[in-house]
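First up is the structure itself, then whatever we jot down about it.
The values are calculated or read from the model by the stated rules, or taken from the named source; none is laboratory data. Everything quoted here is computed from the prediction, not taken from an experiment. Heads up, the Cβs are rebuilt from the backbone with ideal geometry, glycines too, and the neighbour counts pull from every protein chain shown. Areas reflect the complete protein model, heavy atoms only, side chains present, ligands, DNA and RNA absent. Shrake-Rupley method; radii C 1.70, N 1.55, O 1.52, S 1.80 Å.
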Amino acid sequence: MKIPWYHKTTIYQIYPRSFYDSNQDGIGEIKGILSKLNYLHELGFETLWISPFFSSPQTDFGYDICNYTDIAPEYGSMDDALQLIDEVHKRGMKIVFDMVMNHTSIEHEWFKESRSSRDNSKADWYLWQNSPLPFLREKLGLKVPPNNWKSMTGGNGWHYAKERDEYYWSSFLPFQPDLNYRNPEVKKAIFEIVRFWLRKGVDGFRLDIFNVIYKDAEYRNNPFSPKLIPTEEDPSGFFQEAKYTMNQPESFSFAKELRNVCNEFGEKILLGEITGNTEIIKKYMTKKGDGLGLVFNFEMLNFKFNADYFRELINKIERDFPDPFMPVYVFSNHDRRRSIHRIGEDFRKAKLLHLLQLTVRGVPAMYYGEEIGMTDSKFPFSSALDPIPHKFKWVPRVLLDSIGLTINRDEVRTPMQWDESRNSGFSSAQKTWLPVHENFKAVNIETETKDANSLLNTIRKLLKIRTEESALREGSLDLIGNLPKDVLGYKRKSGSNELVVLLNFGMKDTDFETEKGDCIFRITEKDEIKNNKVELTGYGGIILKFPN
Ligand code: NOJ
């Protein structure tokens, strides 16, 4: 089977609001991205995924869309978006838009009309249900939701609209009503939007919370679960099994329908944001590759920094997602703690982590700023711009931190750190939408560009090697046994192109015997191979190439 381009690519996520502000209003925008394309091209990522910049009240910073084919004025114009597509392509790169098709904003004209009465032309475009006990409201003013479903953010996801004397369902937050995909008109309208952007030349989509796209047709109550906190593998939580609100059989066939629409335009990437176990993820991807084709492997967002953890992870992924499946290695995004924050801001560990990410069998997805080791800020919940922390203000912060939850997503969305100047060169405004992280004088692109051994240059080198060695892009992976306890090793092979990657997760130097190969990459000068002996420094790593 021919390998699609998106199984061999490397992905870089841009959060437009925080990338680069070219018009001094403190907010990044499309023109800002345009002016930094050379940086991204030179860095070496092949595919750019841009978080949403469509018309939106920005209550969830673009994940609440009120017009899918219009650009939010603070991010630019349609011309800017078209220029972006064009300029990315001119550099031989690909561009992926963020498709939030599960829900719209409450401000979308579709929803406004849908809410206005029970018999308008869009009355059935969203999920409307009646209370099972309407008299309780009539007589006592009590609102009883249609069933027991809880939203993904906890609490009741049904919201009362007096215009219809009914409740609408929202999987995420109350201002993000879910569309009704059982209505063929909705499907048609969304597929037309997909076609609209494909016609404009985008290379595909990242699909927001695709796992909740369908809900049970009969609105059956979800069963009880003892689980409080949802996890990547099992999205049940808040004492409820998400049996009827997530990963419905129709969602898997919808993935295929969407693939067919994309196929009208050639080979397009569909990258799913899905929570669920392996079997579920594979149902979206399909062995034939006629579903989504790529799904983030989110379980690794909570990685532990040791060789055993990664050995087991790779083992599991290789077992669960063998060729022709392709996993996606991701350690950070706009909703989660930054990867370096999880490893105590240790740049040596970050280099090792990304050596792994860029050399295992999988598509790497990196979040803006991860390449320089940008870390999380800490902000009080009370002044958060992100709506989520306001829901959890009553929970003690230490408790949430100790469980490792990212509640205040502002903390992971601070402006890109370009240089040492004011606002780290992100903007010349008096005030940026979120404050720049205080470490910007040390952690920024300009400084790290000058340092040959910086994290940035390490990643740059690795991305270059990936383009030169087919084994890394499309080769098989075999774990190597009998290595020192803290060392992880694997062989990548494609035809006669054969490489070995060795990573020392221990803090102490180590050495061991290996096959003789040429060193084509090392984390530090002291990571080396002499005859048949490899020497790795603490957190050191090396790539060896074997002559064919
Ligand atoms: C997942 C997105 O990644 C997140 O940022 C957003 O708030 C929700 N989906 C709702 O669209």
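Please label the shape of the range 78-120 as rounded, prolate or oblate, based on the square roots a ≥ b ≥ c of the eigenvalues of the alpha-carbon gyration tensor (a/c under 1.5 means rounded; beyond that, a/b larger than b/c means prolate, else oblate).
Note, shape of the range 78-120 comes out prolate.
Sorted by accessible area with a 1.4 angstrom probe, largest first, how do Ile403, Ile27, Ile480 fall?
Ile403, Ile480, Ile27
Taking the alpha-carbon centroid of each part, what is the distance from the range 1-77 to the range 249-270 in angstrom?
Distance between centres, Cα-based: 22 Å.
Please compute the modelled spin-label separation between Glu264 and Lys316, points set 7 Å along Cα→Cβ, answer in nm with one decimal.
My value for the distance between the label points is 4.0 nm.
Pop out the Kirkwood hydrodynamic radius of the range 249-391 from its pairwise C-alpha distances, inverse of mean 1/r, in Å to one decimal.
Value: 16.9 Å, from the Cα pair sum.
Listed highest first by mean packing, meaning other Cβ atoms within 10 Å per residue, what order do 178-190, 502-514 come in?
502-514, 178-190
Could you work out how far the C-alpha centroid of the range 489-537 sits from that of the range 410-449, in angstrom?
Cα centroid to Cα centroid, the span is 36 Å.
Tell me whether the range 329-380 comes out rounded, prolate or oblate; compute the Cα gyration tensor, take square roots of the eigenvalues as a ≥ b ≥ c, and use a/c under 1.5 as the rounded threshold.
It comes out oblate by the Cα gyration axes.
Got a sec? Charge dipole of the range 109-169, +1 on Cβ for Lys and Arg, -1 for Asp and Glu; which of Leu136, Tyr167, Trp110 is way out at the positive end?
Leu136
Quick one: length gained pulling Phe512 to Asn453 fully straight, 0.36 nm per residue minus the C-alpha distance? Each step should come with its number before you reach the end.
Values: separation 59, 0.36 × 59 = 21.24 nm, distance 2.45 nm.
Computed gain between Phe512 and Asn453 is 18.8 nm.
Only Cα pairs under 8 Å and at least 6 apart count here; give the relative contact order of the chain as a rounded whole percent.
12 percent
Calculate for the chain the 222 nm mean residue ellipticity that helices alone would give, adding -39,500 (n - 2.57) per DSSP H run of length 4 or more and normalising by residue count, nearest 500 deg cm²/dmol.
Value at 222 nm, helices only, nearest 500: -7500 deg cm²/dmol.
Once both labels are modelled 7 Å past Cα along the beta-carbon direction, what's the Asn38-Glu250 spacing in nm?
5.1 nm
Determine the gain in length on full extension of the stretch Ser121-Glu109; use 0.36 nm per residue of separation and subtract their C-alpha separation, reporting nm with one decimal. Could you put the intermediate results ahead of the total?
Values: separation 12, 0.36 × 12 = 4.32 nm, distance 1.18 nm.
Working it through step by step, the gained length comes to 3.1 nm.
Step through the table entries Lys31/Lys215; Lys36/Lys508; Lys200/Lys288, compare each Cα-Cα distance with 31 Å, and write down the pairs that go over it.
Lys31/Lys215; Lys36/Lys508
Could you check what % of the DSSP bridge pairs in the chain are antiparallel, to the nearest 5? Display every interim value, and only then the final one.
Working: 41 of 66 bridges.
Just about 60 percent of them are antiparallel.
Please compute the Cα-Cα pair-distance distribution of the range 109-169 with 10 Å bins starting at 0, giving whole percents from short to long.
It works out to 24, 47, 28, 1, in whole percents.
On full extension of the chain, what length is gained from Glu163 through Glu525, given 0.36 nm per residue of separation minus the C-alpha to C-alpha distance?
123.4 nm
So which of Lys8/Lys256; Lys349/Lys491; Lys90/Lys287 end up more than 26 Å apart by C-alpha? Intermediate values should be presented prior to the final figure.
On the way: Lys8/Lys256 21 Å; Lys349/Lys491 21 Å; Lys90/Lys287 33 Å.
Lys90/Lys287, as the Cα separations exceed 26 Å there.
Hey, got the Cα dimensions of the range 477-546 along the principal axes, in Å, largest first?
Extents along the principal axes: 35, 22, 18 Å.
To the nearest whole percent, what portion of all C-alpha pairs in the chain is separated by more than 45 angstrom?
That tail contains 15 percent of the Cα-Cα pairs.
When the accessible area of the chain is computed with all protein chains present and a 1.4 Å probe, what percentage of it is carbon and sulfur?
Whole-percent figure for carbon plus sulfur exposure: 51.
Taking the solvent-accessible surface of protein heavy atoms with a 1.4 Å probe, what is the per residue accessible area of the chain in Å²?
Heavy-atom accessible area per residue stands at 39 Å².
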